[in-house]
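All of the numbers you see were taken from the coordinates with simple rules; none came from a lab. Remember, predicted model here, so these are calculated numbers, not experimental data. Because the Cβ atoms are built from the backbone with ideal geometry, glycine has one as well, and the counts that use them run over all protein chains shown.
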Amino acid sequence: MSLKNLKTLLSSVLTGLSFCTVTAWVHGQDVTDAGLQEMLDHLHSTDREERLEAVVELSALGPYAHPAEQSLVELLKSDDQTLQYQSLITLGHLGPLARDVSGNVASFLKSDAVFLQSAALESLRRIGYAAPEDVAVIRRLSGSSDPGVATAAIRCLLMLTDEQDELVQKSVPQLVKSLEDARAEVRNDASLTLVEIGPSVIPAVMPSLRSSVAGVRIETCEILGHQGVAAASAVPDLLVVLADKDELVVRAAATALGDIHSNAAVCVPALRKLLDSKSVPVRIVASQALAEFGPEATPAVSALLPLLKDSHAPVRAAAAGALGATKDGRVDVVGALIGLLSDESAAVTMKAANGLSQIGEAAVPALVRTLKDEKFRVLAIEILGEIGPEARAAVPSLLELMTRGDVNAAVRHEAMIALGLMGPAAASAAPQLLGILATPAEADLHPGAAWVLARMGEKKALPVLKTLAGRTQDEQTQRAIAWALVTLEPGNPENAAVALPHLMKSASSDRALVRKESLAALAKLGALAADAIPVILERAEKDADDAVRAQALEALADIGAPADKVLLVAVASFSDRAPEVRLAARYVLGRLGAAAKQTEAQLQEATRVGAGFERILSAWALINVAPSPEHTALALPLILSAAQHPEARIRAEVAKTLGEIGASSDEARKALETLLADNDESVRVAAGNALAKLRQ
């Protein structure tokens, strides 16, 4: 069980939550306005159990429970400590939006009840703010004789203060010692805190790999793994642990090596040996760890291939994932993955499909041949679409399927989508698609053809699309044309006026791709799409598809929705389970600038922990939300690391940011001079403007 999952489980046990309530943490945002109002009403019930249940349910809503803030503060005055405890927890889940009541929460720091002190500390950490006098109290609690309180106080201080070096030096030995505490919640909190402190804990925790307690060795592996490549110095010790007598420790060490993915020359052979283990979980974990090394795991390909025939489906799935990650396009690898498309396990089939899409161009010839098999045709088309521009060799075959009258509608539709996902790389299909638009007998293909041409950026389609828009009565075609016109001519207000109603309807389509594309088009309209804000907000808050929610968040920022509404959904999405949603939330906060000032502490912490690009985007958001010399010094190395990002818009934003913050260091100037020669015009322009600013 991961540290995060364990933390959630412990929290639910301590508060006496039922399994249904724990499940609500995942689905809490689905609550209706009427349901929220009912919870708010129950907070004032005379029935104690009804009040408690309402507080617990509200905690599952996170920041969306903000309307309950004052009622929760009133409940803190209750004599019922259980009600006080749960109210503190729920206020914490409001996050930065509860900053104005942090004093009410902080009053419990002086409680005689240890569990209320701990709850207040956790709540203040989530809120990201405490008054200076309360910070002084928290600092004293970090030396508490109760390990649970001390650890909670340390975690809180890490969020609220800039005293990282001093705090770490004082607290790490205490936290390492707590890893062997008899209480599971203390051990777990200590692990979480060590993870949050970051790479500076590595030397202090490494001796715990030799602990006589297996659980401590496992926790230590997890802590090191969470540090990623920064824990490269721990690789030799983890390789020793890979021979541990306890299988759970072996699995933890293998996972950590994958998470660190450093020194492949020694790690890949060691993990490869584990593929021969008699233990199914060990074979799975070893394969997953090898996948983290990507192409560097190629030496293990010959050992992974036999696992594709393993009698256990999870082993086959893990091996398929690892083979895809190597991007090894040899015929035997591609052929083996193609063979798994008929596996009896859907999970294995999907892993094989993902693996083929990762291999990319080298897998295209085999996938084109697979198009001849009706049983696997749709899946092969979907994989080609995922490969994108690298699958340009499949364009003739896809175009043939799209226009053949003897194939079913689903195949034709998927062929259209695949061509569209290839974008300009499928430009050779443009003449035939333009012909389809001009042919009334091909009306069923008009929506798809319009979409594909716009994805290609085919400007020659504009007059044909406008002519068709004036004569078609088909609503689906009208929507597709509206989207295409905005995509091809985003600055044309005439197109915007016609397209807006159609795009708003399409944003609620039952197809995730249509919703996502419609939201992207609305974002391009900018302020002209202001009427669509309620629809976009609903997608950002409740859509079942992660990519759609992320796109909706970006659209809200690009359109310039009211700051209070955008801030709520961005704060609620900041710690979302989906990486793309977390990234979008940081982008939104950065665009909000000073209007998101209360999230400063969360952004500052996020520059220290988390995945690589999340840290970079958090740093960018931080200097927009709370500009200061200290934040610039913290953010600059991370922002510079994104100067070679594969996406041009990211490189352009790096250049723009360097100019805005006046980063005149040698590293910054060198990065800008490199971007000045970028192959993308928008990046070159941004770099030129930034250098001009620095010369002023």
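According to the Cα gyration tensor, what semi-axes, each the square root of 5 times an eigenvalue, does the equivalent ellipsoid of the range 375-421 have, listed from largest to smallest in whole Å?
After scaling each eigenvalue by five and taking roots: 16, 11, 8 Å.
Taking the Cα centroid of the range 642-694 and of the range 493-552, what is the distance between the two, rounded to the nearest whole Å?
Distance between centres, Cα-based: 31 Å.
Tell me, I154, I359 in order of fewest to most beta-carbon neighbours within 10 Å?
I359, I154
Neighbouring Cβ atoms within 10 Å as the yardstick, rank L274, L485, L224 fewest first.
L274, L485, L224
Starting from the Cα-Cα distance between E630 and D373, subtract it from 0.36 nm times their residue separation and give me the gain in nm to one decimal.
Using 0.36 nm per residue and subtracting the Cα-Cα distance, I get 86.4 nm.
Taking a ≥ b ≥ c as the square roots of the Cα gyration tensor eigenvalues, with a/c under 1.5 meaning rounded and otherwise prolate when a/b beats b/c, else oblate, which class fits the range 224-300?
oblate
Please list the radius of gyration and Dmax for the chain, considering alpha-carbon atoms only, with Å as the unit.
27.4, 81
May I ask you to derive the relative contact order of the chain, considering only C-alpha pairs under 8 Å and at least 6 residues apart, and to give it as an integer percent?
Relative contact order comes out at 6 percent.
Which distance in nm do the two modelled labels at E647 and V266 give, with both placed 7 Å along the Cα-to-Cβ direction?
For E647 paired with V266, the spin-label model returns 3.7 nm.
Quickly work out the E494-to-E180 label distance, labels modelled 7 Å from Cα along the C-beta direction, and quote it in nm with one decimal.
With each label point 7 Å from Cα toward Cβ, the separation is 7.9 nm.
How big is D for the range 117-181, in µm² s⁻¹ as a whole number, if Stokes-Einstein is applied with the Kirkwood radius of its Cα pairs at 25 °C and 0.890 mPa s?
210 µm²/s
If you fit an axis through the alpha-carbon atoms of helix 666-675 and take the longest principal axis of the Cα set of the chain, what angle between them do you get, 0 to 90°, nearest 10?
20 degrees
Counting just the Cα atoms, what span does the range 253-370 cover along each of its three principal axes? Round to the nearest Å and put the largest first.
If we take the Cα atoms of the range 253-370, the spans are 40, 27, 19 Å.
What nm value, rounded to one decimal, do you get for the distance between E386 and A441 when each label is placed 7 Å out toward the C-beta?
3.8 nm
Too long at a 27 Å Cα-Cα cut-off: which of K542/K597; K327/K656; K278/K351; K460/K516?
K327/K656
Specify the angular offset, from 0 to 90 degrees and rounded to the nearest 10, of the alpha carbon long axis of helix 409-422 from the longest principal axis of the alpha carbons in the chain.
With rounding to tens, the tilt is 70 degrees.
Taking neighbour Cβ counts within 10 Å as the exposure measure, how do C221, C267 sort from fewest upward?
Fewest-to-most ranking of C221, C267: C267, C221.
What ranking do 527-535, 570-578, 414-422 get when scored by the average of other Cβ atoms within 10 Å per residue, highest first?
Output ranking for 527-535, 570-578, 414-422: 414-422, 570-578, 527-535.
Take the alpha carbon gyration tensor of the range 488-585, find the square roots of its eigenvalues, order them as a ≥ b ≥ c, and report rounded if a/c is under 1.5; if not, report prolate when a/b exceeds b/c, else oblate.
Cα axes put the range 488-585 in the prolate bin.
FRET efficiency for S212 and S665, Cβ-Cβ distance as r, R0 = 60 Å, nearest 0.05?
About 0.80, to the nearest 0.05.
Taking Cα centroids, how far is the range 381-445 from the range 30-89 in Å?
If we compute the Cα centre of each part, the gap is 53 Å.
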